[in-house]
Structure formats: structure tokens, C-alpha cells
1. Along the charge dipole of chain C, pointing to its positive end and built from +1/-1 on Cβ of Lys, Arg, Asp and Glu, which listed residue (C:SER395, C:THR198, C:ALA434) has its Cα farthest out?
2. Starting from the Cα gyration tensor of region A:5-137, multiply each eigenvalue by 5, take the square root, and state the resulting semi-axes largest first in whole Å.
3. Quick one: B:VAL13, C:VAL20, fewest Cβ neighbours within 10 Å first, how do they rank?
4. How big is the equivalent ellipsoid of region C:318-511 along its three axes, where each semi-axis is √(5λ) from the Cα gyration tensor, reported in whole Å from largest to smallest?
5. Percent of alpha carbon pairs in the protein assembly as shown separated by more than 41 Å?
6. So, counting K/R as plus one and D/E as minus one, what does the shell of residues with Cβ under 12 Å around C:ALA316 add up to?
7. Give the residue from B:VAL101, B:PHE48, B:ILE17 lying farthest towards the positive end of the charge dipole for region B:2-122; charges sit on Cβ (+1 for Lys and Arg, -1 for Asp and Glu) and the dipole is referred to the Cα centre.
8. Using a basic spin-label model with each label point 7 Å from the Cα along Cα→Cβ, how many nm lie between A:ARG12 and B:SER91?
Amino acid sequence: MKDLVVLRVVARWNIPFMVVFGLYVQTHGELGPGGGFQAGVIIAAGFLLYGMIFGAQELRRIIPRWVTDIAAACGVLIYAGVGFWAMGNGYEFLDHAALNPANPGGAEPWGMTLVEYGVGLTVAAVMITIFNEITEGTAPEDEPVNKDYDNPTEMDLPRR
Amino acid sequence: MLDFLHDHYNYWVTIIIMMIGFYAVVAKSNLVKKAIGLGIFQTGIFLFYISIGKVDGGTAPVKVMGEQTDVVYSNPLPHALILTAIVVSVSTLAVALAIIVNIREKFGSIDEHDLNHLEAEQE
Amino acid sequence: MIPDQLQHQIPALIVLTPLVLGLITALIGRRGLGWWIAMLASLLVFAGSIQLLIDVMHSGTYTVSYLMGNWPVPYGIEYRIDPLNGGVLCTVALISAAVTLFARRSVASEVSRDRLHFFYAVWLFCQTGLLGITITGDAFNLYVLLEISSLATYTLVAMGKGRDRRALTAAINYLVLGTIGASFILLGIGFLYMVTGTLNMMDMAERLDAIYITWGTAEPQYQKTVLTGFAFLFVGVSLKLALFPLHTWLPNAYTYAPAAVSALLAATATKVGAYISIRFIYTIVGTDAAFRGAIPTHVFIMVSAGMAILLGSYLAIKQDNVKKILAYSSIAQIGYIALGFALDNKNGLTAAVIHIFNHALTKGGMFMALGVVAYRLGNTRLQDLRGLGRKLPVSMGAFTAGGLGLIGVPLTAGFVSKWYLVTGAIEAGRYEMAAIVLVGSLLAVVYVWRVVETIYFGKRDEGAPNVQEAPITMLVPMLLLIGASIYFGVDANTTSWIAEAAAETLLGVQP
């Protein structure tokens, strides 16, 4: 689809904003609506748009499979790591008071923020992995798209 | 009667959406359509959960700083639960699609009737 | 011996160990490391669950509770262990450890090498889900963990595609039905949440009790909501449990999955489903509403269970693939478990709990014996098993001993559970159910004998490939489970002590 000027330009303009908005949702999560899940999906949506416009292989070139694999696992390990940190210090699993025993209430947002960053990382990586899994093995980019709008082929016509 | 319909409209919507999805799961023979049906079916349940979290006159459950204290909030718990359930639903869809892709490779079809024939031949 | 601090954290660690090690397997499990990590996780979990069960049985109240994140009870997720789920937990952990040991050679012959570390990662996630369902005291947490284990299970079944492509259709079938079941469970939990406003199981049970007092007076709409929720829950769990009319996904999923996966699923997944049923009927909704309310659920369960026993055994007789014989036999055995908890008395419940354990041992061992056959022969068709008794004496001996357990011959574990079951049925005045149990045992004689006869008295075809006994890592776990099933048939004191304690806590009898 990368030969279509409109799509390419719109995507080029939109993707940075999508990713930045995702980061905003992520960092803003403990104060307002938002958090890791939403942020992860929004960030991943930016990359998936890139993958759809420029082809799945192009996406895999800029974000290889091993990066998403490691990111997905690291996100969960951050989440679990926060919990294990609490456990190691004699608290229950995921008791964020362990992060700042002097001020347990103040430690709560810190714990939540860390956990949410883990969630965001994992969700974004897993969404991209799912996209890769499904597009892998299919014909590489450039599915037949007819650019000659005056003479549509059968594929471009709405199915009756 | 009309009041009964009107007062419970969230349940009616839930039931209708669930049944649309369920119909697709039961009646369609294309496996991708079945997977989509499952998604619609689960969406109905999500709407059900979200609608039961609504409190009359309640506002978004975000703490209002420094203003009056008698604010009524909607129940945020069902939303948080459904966020998890949506993730589960997306994962299910992903697993389903991955299996369907494999079926297409091994059998050359994703139509249930064809698959039944192909399996019967293999016996 | 174990530091107090560590002992206190065991409930959380039981679920977290396979989860975290599963992720690590996915990351660095290449070059055969995957199996070692999975084995390590299974052993740790098994040790932890035994320790936990000992703690539960020796605590005065028969409960151990763990608060996730130290949130107080109705607000946070509580892990709550009593004799029932302590026992199921040990069953799941024991089977997982044994089958993981078995899986090394078996899976290597059925799953392609570059996929092995993914297989073991998913394998550990499946264990995470099953252990989590068992241990959690939070209804919604149960749903999430149920889906984790189910998604892992669909993937594991689909990995049988290398040997037989029908594994894929079995997996998608299982996925569609399993997802519908899980959605029903979600909906049922939603209804109960609407009425009670809580998700903690014990809290939910208390609030439902308070609501039941008002039944028949004011607010009758609560009654409808609770019963609708329970109906959804029950149908959903029955799908996961493969109770008779909802069993259609089971035979193919068990037959075409890799051998180790069949053993794990047959021995744990449906057993955990039975646990969920017992938990929802007895602890949360309560038998007054579930059995003696507007819907006599126990009659439905008994009819389903009776049909499961008779038709499952009958269909098992008609199969030509030994794995399918065992799959249909599993449907019948699930009928025994369901019948046990539908009887609503102590002996019936004891039978259900003890049969969860006994059948897990027996079926796990038998599926492993078939795994050996598949490993050596490449398939498990009945005609190919002719005369294997002399070629594979140990595995086929174990298979036969397991078969005797399915029939319920005295001195096997199956006899203990059937004894409790028949006693319970007679106590409840359900003589026809006692008769069905006996008829089911006779049918079991037929399908077990059909295989045993083929194994020992059949003649091997001329020119059939020469086969040898399986490697030691496959024989040891198989003999362990079958040996345990015989040991617990001879000396049933430990198992019946735990099962009776579970039944007493469920029925509200003070210990």
C-alpha cells in the first residue's frame, strides 16, 4: 500500500502523534484516566499502522522479532520484579509499601507507576507480536492494489 | 410493558449483542466468522458489566480535588475488570486466528463442512 | 527447616514460580534448556504445595490465607487454601511434575526442535493457570486464571499438528466451546457481583446468605438474579468440566494432542473444572439455593452424570483408537465425580474429592503408557497394539494396572472412590444411581478388557517393526503415578483424611 500517496503522508503525520499520545497516557496514568494497557495499545497501534502501510517486513526491519520478544518478557518481569522486591523485604507480593517503608501511602503511586510501565511495555510488544504472527507467511507487502481508479478491477468493486 | 422494556434497556442490548455473536458462532461455517462471532458474544458481556457499574447521577470516578465532598461516583470496579476481560478476549482471538492460519496451511480450507469431509476421509 | 518468612509466601510463590520461569523459558529456553527450567519449576511447586497442604491440615481452622499486596479482604485478591483446594493443588502439582519428567523424550519426538522452548513456556503457563484457579479466593481472579490455562491448553493441543493435522481442528473446536464456557462463567460472576457487590468468594457467600433470608418476602428479584447467575456459571463450568451433553470437545482434543499434553489435560484440566463446580455450588451459592431452591440442580447433574457414565463407557467400547477409548472413559469418570458432588452428603462429596485425586493418578499414568506406545510406534490404533504386552512389558503392565483402577477392582484407588460413592448414593436414597455406578464398572470391564486382550493375546503382524521398552525417564513417572494409585488403594488413610476434611468444611460441619 506504500504507493498510495495519501495513506503514506497521513501515516507519516499520524504515527508520531499516536506514539506520543500513548506515552502521555502512560505517564499520566496514576493521576487521571489511563495506564499501561491503554498506552501499550495506542503505541502499538502506531507501529501497526506503519506495518500496514509500509508492509509487515518493513515493520520487522525496524523492530525485529527478538526486540518484541524480549520487551514482552521484560515487561512482565518488571511487574513481577516489583512484587518480588516487596516479598524479599518481608512484605506481601506487590505490597508497594515496601518501596518506601517510611511513607507507605506515598510509595503506592511509585509502585503503581512501575507496574504500569511493565504493563505498557508488554502490551505494546505483544500487540506487535500478534501482528507479526498473523502476517508472517502471507505474501509480502504489495497485495494487488489497483491504482487506476478510472478502470477498477473486479477486486476493487464492492461485493454484491 | 413499555416501561419494563425501557428501564432494562441495557440488558436488552446486552442480550441482542450476545445472541448476534452466538448466532455467528453456531450458524456460520467459516472459522474466521466463528471467531468474530465469539468476539461479538464477549463484547455483549463486557457491555453488561460496564452498564452495571453505572450509579444514577454518578460522575467519572476521578477524585475531584478541593471541591465539594458529596460527589457521587460511578463504580469503577467493573470497568477495571472488563479491561482485563478485554485483554483476555483479544488473546483468545489471537490464538484462534493463529490456529486458523495453521488450519489453512494444513487443510487448504477454513470452512467447517470441508474440514469435516477432509477429516472423515482421513479416518 | 523452612524460614517462616518463606513459608508465609508459599501461596503466592506457587503461582508465580511457573509464571516467571515460563517467561524465562520463552526468552532463553533454546538449546534444550526449556525442559530443565520447566522441571525445576514443577518440582518447586510440588514441594511448595505439599508444604502448604501440611500447613492447612495442621492449622486449627483448616485454612491458610494470603493477601495479595496486603490489601484487606473484600477489596484485594485473597489466596485462600482449605483442605479441598489444598488437595486439588497437590494433585495438580504432582501430576505436573510427573508429566514434565515424562515430557522430555515424548515431546521431543512430537514437536519440532525450534518450537520446544515455546512448548515448555506455554506448558508452564498452563500450570500457572491451573494452580491459580485452585488457590485463589477471588471469583474474578478465577476467571482470568481459567482463561490463562485455557489459552495455554488450546495452544498445547494445537501443537499436536506435527503428527496429525486433526489436532488443529480439535483445538479450534475446543477453543470455541471453551471460550463460550468461560464467557458464561464471566456472565455468571457478573450476576453474582450485581447482587452482592463483592468478588471475594467468602465475602460473597456471606452476603448471599444474608440475601437468602429475605427470599419469599421482599425483593424477590434478587432470587431471580442469583439463580440466573448460578445457571450461567454452572453451564459454563460444565463445558470446562466436559459434563455429559457438553463433552463434545474432549475426545478429539485428548486424542490428537501430543501424548504428554493428553496426560496433563486428562489428569488436571477437567479435575480443576470439577473443583470449580464444587467451590461454586457448596461454598459460594450454597446448596440451599443451588439444590433446594427454585431449580433442583442436583437432579440435572445426576441425570447428566448417569448419562455420562453409561454413554461414555458405551462409546469407549466402540472406539478403535486407544487414546479415544481413554478419552471417552474420562467422560464417564467425570460423571462419577459429578455424581459425587450432586449427592449432597458427606460420603458423596468425599467420593468426588478423592476421585479427583485417584482418577488423576490413574488416567495420568495410562495416558503416559499410551505416550510410550506413540513414542515407539507413532500411533495408538488398537490393531497396532496387538501383542505389545511382550514387547513393552513395563508400560503395558502399568496400563493394565491403571485399567483395573478404572474398573474399580479392590486394592486399587478406583475402588476407594467407588466405595464412597456407592455408600453416599445409598445414604441419599438414590439406589438407581448406585446401580448406574455398578453398571458403569461392568462397562469399564468391557473396554479395558478389549485393550488388555489385544495387548496380551493378540499376535503381532508379520514384519511389524520391532519395538523396545521406553527410556527410563518415561517409565519412572508412569510407574510413579500407577504405583501411587495402587498404594492409595491399599492405604487410603491419608487421602480419605484429607477428602473427609474437605467434605466437612464444605458442608459446614465443624471439625
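1. The Cα lying farthest towards the positive end belongs to C:SER395.
2. Ellipsoid semi-axes (Å, largest first): 34, 17, 8.
3. Neighbour counts put them in this order, fewest first: B:VAL13, C:VAL20.
4. Output for region C:318-511: semi-axes of 34, 17, 11 Å.
5. 33 percent
6. Taking every other residue near C:ALA316 into account, the sum is +3.
7. Sorting the options by dipole projection puts first B:VAL101.
8. Modelled inter-label distance: 3.9 nm.
Here, each number is a calculation from the coordinates, and none is a lab measurement. Keep in mind that this is a model prediction, so the values were computed, not measured. Every residue, glycine among them, receives a Cβ derived from its backbone with ideal geometry; neighbour counts consider all protein chains shown.
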